[in-house]
Amino acid sequence: MISNDFIALLPLIVMASASVGVMLGIAASRSHGFTASLALFSIYLAILSLVIAYSEVPRQVTPLIVIDKFAILYMALILLSGAAVIILSFGYLSKHYVACEEYYLLLLLAMLGSMVLVCSSHFASFFLGLELLSISLYALIAYPKSRIKHVEAGMKYLVLAAVSSAFLLFGMALIYADSGAMTLSVIASKASHDAGYTLPFIAGLTLMIVGIGFKLALVPFHMWTPDVYEGAPPPVAAFIATVSKGAIFAILLRYFTQTDFLKSDSLFLVFAFITFVSMIAGNILALFQNNIKRVLAYSSIAHMGYLLVAFLSGGAFSAQVVTFYLVTYFVTTFGAFGVITLLSDNERDADDIDDYRGMSSRRPFLAAVFTAMLFSLAGIPLTAGFIGKFYLITAGASSGLWVLVVTLALSSVIGLFYYLRIIFSLYARPVPEQPFPMRGISLAGGMLLAVLLMLLLWIGVYPAPLMDGIRLMIGVGG
């Protein structure tokens, strides 16, 4: 008889089995199309397994893993994002004529690590999930290895991510030495009260904030972001910008929104300072970039700062708003990087602003999609990004975080300038010789962009169903 724990863990079991299955498939036959199809089919099975696991929630499976509605929601978001990455990656990697089957194995492992993260209730599972995600990303960033820029970006991420993991692990060790506990809920509860702080606990918490700040690319731990985004393949950059950061935010939401951590003045001030400088620095630094991937990298720093505004408001509504904004950010980021992916060829990525000059006359559909995505990132009405920022401001204002709310609004105005700069290039007069060839795009990639565009507009016009679904699935904090 199948145990209830097995049913609850089914999504993780399916993804772990899928990784082994893809590895065996690669050993049996090297076929790019077969491997990509097998990876997509595995994600489909994992999504079906979420429906089965839903019948057993909430369930604590050993002290390491908790499966509840919150975990189901975030695992679904990770799986759908992984499917989008595979669709974009297939056409991108096909242009390079290299053996790339292992790419899909690494991607499945990165998704498995992200899913473990959102289910973690213990330091051990948290660190194992984080390292499974990070180690997979080291190699994914370097694909294809024939490009020096990709390998360089992979090495940079390897060194810096290893350092941040060391900070994180040492912080965990200090907290364990002080409290004798490795359960994340216990740690979060203790962090909510300044009176319970000791020197080892303060040192450990500081080191953990450094490690988490690196993973989220928050200022002042953001220096790796533009170089890695620029050097990584566009689908991998999209994965880093969305899934890897979304999994970390899930951890923060689960264990801090259910505690009254705002009562800790010192912890609140640290997060508030990081939030403030991330919004300002991310938008200002993006103004000086000519590479679109670097623009999106600095933009992502600012958007992580925006999310922290809602996070600092605390409570169940905070978790719902952050999740809603993450969904809108996932849609817009995949749309923007999807356009870059479809236009890139086997020589270089289409990531310079001049590559897009006059694209509206050559590729009107791609220009329209890119425009909509940039408008959403800027928070223009009738897009998902506008509704997301409206909720962020509402959450911040309801908790009286007026300095951060005003900073969010003003920094968003700064962001509008560099988004409009790209849009102006899209609709400018074409140059006599296009600096980047506008080749044909794959059918699957075009259909994915069409779906993302419809989602963007649907959420922007009628966000109630999405917000109601998130409110139903998220029970943390209340």
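Brief remarks on what is shown
- Put a dot 7 Å past the Cα of Asn346, heading toward its Cβ, do the same for Ala444, and the two dots end up 1.9 nm apart.
- Karplus-derived 3J(HN,Hα) values for segment 160-174, using 6.51 cos²θ - 1.76 cosθ + 1.60 with θ = phi - 60°, are 6, 5, 5, 5, 5, 5, 5, 4, 5, 5, 5, x, 4, 4, 5 Hz; glycine and proline are entered as x.
- Neighbour counting of Cβ atoms within 10 Å sorts the residues Met373, Met155, fewest neighbours leading, into Met155, Met373.
- Between Phe123, Val406, Tyr418, the Cα set farthest toward the positive side of the dipole of the chain (charges on each charged residue's Cβ, about the Cα centre) is that of Tyr418.
- 21 Å Cα cut-off, lysine pairs counted over the chain (separation 8 or more, or different chains): 15
- Cβ-to-Cβ counts within 10 Å put Lys95, Lys215 in ascending order as Lys95, Lys215, the fewest first.
- Each of Ile292, Pro430, Leu252 was placed along the dipole of the chain (beta-carbon charges, centred on the mean Cα), and the one lying farthest toward the positive end is Pro430.
- Gyration tensor verdict on segment 262-478 (Cα atoms; rounded if a/c is under 1.5, prolate if a/b is larger than b/c, oblate otherwise): prolate
- Taking amide H positions as modeled 1.01 Å from N, with prolines and chain starts lacking one, the residues under 5 Å from Ile65 and 5 or more places away or on another chain are Ser121.
- Under the Karplus curve 6.51 cos²θ - 1.76 cosθ + 1.60, θ = phi - 60°, whole-Hz ³J(HN,Hα) for segment 9-16, x wherever Gly or Pro sits: 8, 3, x, 5, 5, 4, 5, 5
Every number in this text was worked out from the coordinates using simple rules, so none of it is lab data. Please read all numbers here as calculations on a predicted model, not as lab measurements. Heads up, the Cβs are rebuilt from the backbone with ideal geometry, glycines too, and the neighbour counts pull from every protein chain shown.
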